[in-house]
Ligand SMILES: Nc1ncnc2c1ncn2[C@@H]1O[C@H](COP(=O)(O)OP(=O)(O)OP(=O)(O)O)[C@@H](O)[C@H]1O
Ligand SMILES: [Mg+2]
């Protein structure tokens, strides 16, 4: 249910009052706790450690971004928190319950469009409530409410292939939020969008977050996006994926995407950049081994090629 959050308790601007903002944040309940989480996968016949001793505490109504080099285990972490993957050691607790599988307390939005293509927009959003045992009419009511929130009421009878990428992601967000999760995990949700749509979606997500009691864990490669959105940024390093640093973002809220040219923003981004790139991240081994591409087309086929 959409509820108006008292802005003074959560989203007051805090330029010059940073310590107070974070002091208050750390006094809220812990919604997601990850303790000594380790994950390994069989790669080429041997076990490779992907995440090692990852520990985190994320607080009620916090917005946390996770960044780190490709292959460091960001999606692996997101999938474990969502309950989509088992984990061999450590503990993941959401809303005081150990994560043992998917649950309505955790919503997930992926980069790839994951809507059911054979269902309409409204039916996609109704799916979760119906699976949770709600009646069709009650699920329909909630679906309409959330489609209204994401501005897609007019498209409720459209099919996914009739929507733009940004609209599909708004449906995906509505589909996750209709279950009223405590934590929304978003894995590069805007990665496939053009820059203009991406900016609009960032602003929309911030507006949603300000008005819903929800904690967001947002995985991204994009430093601007991480600084714009976050209360704190978790920097993972690669091989194995470990928490390198957790950085507070002391920028006033509400924020708009225009903030990316602000001098405080740029200073903070430069600092985070230096943390992320120092030490130099070990990149995905598959990237270090890029083959030389042999010429596939005979040179004389196209006269203009030399
Ligand atoms: N089910 C799996 N089986 C085997 N290896 C896996 C599996 N899932 C992930 N991996 C490996 O774990 C490592 C981390 O993958 P992950 O997708 O979590 O990285 P990432 O940080 O999200 O990368 P990117 O930024 O490119 O999305 C990679 O080396 C990947 O190949
Ligand atoms: Mg990933």
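What follows is calculated from the coordinates using simple rules that are stated; it is not laboratory data. Values in this document were obtained by computation on a predicted structure and should not be read as measured data. For neighbour counting, all protein chains shown are included, and Cβ atoms are generated from backbone atoms with ideal geometry for every residue, glycine included.
With no solvent and one point on each alpha carbon, what is the Debye value of log10 I(q)/I(0) for segment 106-180 at q = 0.13, 0.23, 0.28 Å⁻¹?
Summing over Cα pairs of segment 106-180 leads to -0.30, -0.98, -1.45.
Using a 10 Å cut-off on Cβ atoms, rank the peptides 221-229, 79-87 from the highest mean neighbour count down.
Taking the mean over residues of other Cβ atoms within 10 Å, the ranking is 221-229, 79-87.
If r is the Cβ-Cβ distance from residue 43 to residue 221 and R0 is 22 Å, what FRET efficiency results, to the nearest 0.05? All intermediate terms of the calculation are to be shown ahead of the outcome.
Values: r = 22 Å, r/R0 = 1.01.
Plugging the Cβ-Cβ distance into 1/(1 + (r/R0)^6) gives 0.50.
Could you give the nm distance between label points at residue 138 and residue 164, where each point is 7 Å from its Cα heading toward the beta carbon?
Distance between the two pseudo-spin positions: 3.7 nm.
Sorted by average packing, counted as other Cβ atoms within 10 angstrom per residue and highest first, what order do 47-57, 154-164 take? Please list the in-between numbers first.
Details: 47-57: 17.0, 154-164: 14.2.
My ranking of the peptides, most packed first, is 47-57, 154-164.
Kindly work out what percent of the DSSP beta bridges joining two residues of the chain are antiparallel, to the nearest 5.
Details: 23 of 41 bridges.
The antiparallel proportion sits near 55 percent.
What is the extension gain from residue 57 to residue 114, computed as 0.36 nm multiplied by their sequence separation minus the C-alpha to C-alpha distance, in nm to one decimal? Each step should come with its number before you reach the end.
On the way: separation 57, 0.36 × 57 = 20.52 nm, distance 2.86 nm.
Length gained between residue 57 and residue 114: 17.7 nm.
Within 10 Å, count the other beta carbons around each residue, average over each peptide in 139-149, 195-205, 95-105, and list them highest first. Could the numbers behind the result be given before it?
Working: 139-149: 19.5, 195-205: 17.3, 95-105: 13.7.
For the peptides 139-149, 195-205, 95-105, the packing ranking is 139-149, 195-205, 95-105.
Round to the nearest 0.05 the FRET efficiency obtained for residue 297 and residue 70 when R0 = 30 Å and r is the Cβ-Cβ distance. Intermediate values should be presented prior to the final figure.
Details: r = 30 Å, r/R0 = 1.01.
So the FRET efficiency works out to roughly 0.50.
Could you give the nm distance between label points at residue 192 and residue 245, where each point is 7 Å from its Cα heading toward the beta carbon?
Distance between label points: 3.4 nm.
So if we plug the beta-carbon distance of residue 145 and residue 85 into 1/(1 + (r/R0)^6) with R0 = 35 Å, what FRET efficiency do we get, rounded to 0.05? Provide the component values of the computation, followed by the final result.
On the way: r = 31 Å, r/R0 = 0.89.
Once rounded, the FRET efficiency stands at 0.65.
Under the 0.36 nm per residue contour assumption, what length would be gained going from the current alpha-carbon distance of residue 207 and residue 24 to full extension? Present the calculation step by step, with values, prior to reporting the outcome.
Working: separation 183, 0.36 × 183 = 65.88 nm, distance 2.09 nm.
Once the chain is fully extended between residue 207 and residue 24, it gains 63.8 nm.
Taking the simple approach of a point 7 Å from Cα along Cα-to-Cβ for both residue 290 and residue 103, what is their distance in nm?
It is 4.3 nm.
Just report the Cα centroid separation between segment 172-202 and segment 233-281, whole Å.
20
Got a sec? How would 292, 300 order by Cβ neighbour count within 10 Å, fewest to most?
On the way: 292 4, 300 7.
Final ranking by Cβ density, sparse to dense: 292, 300.
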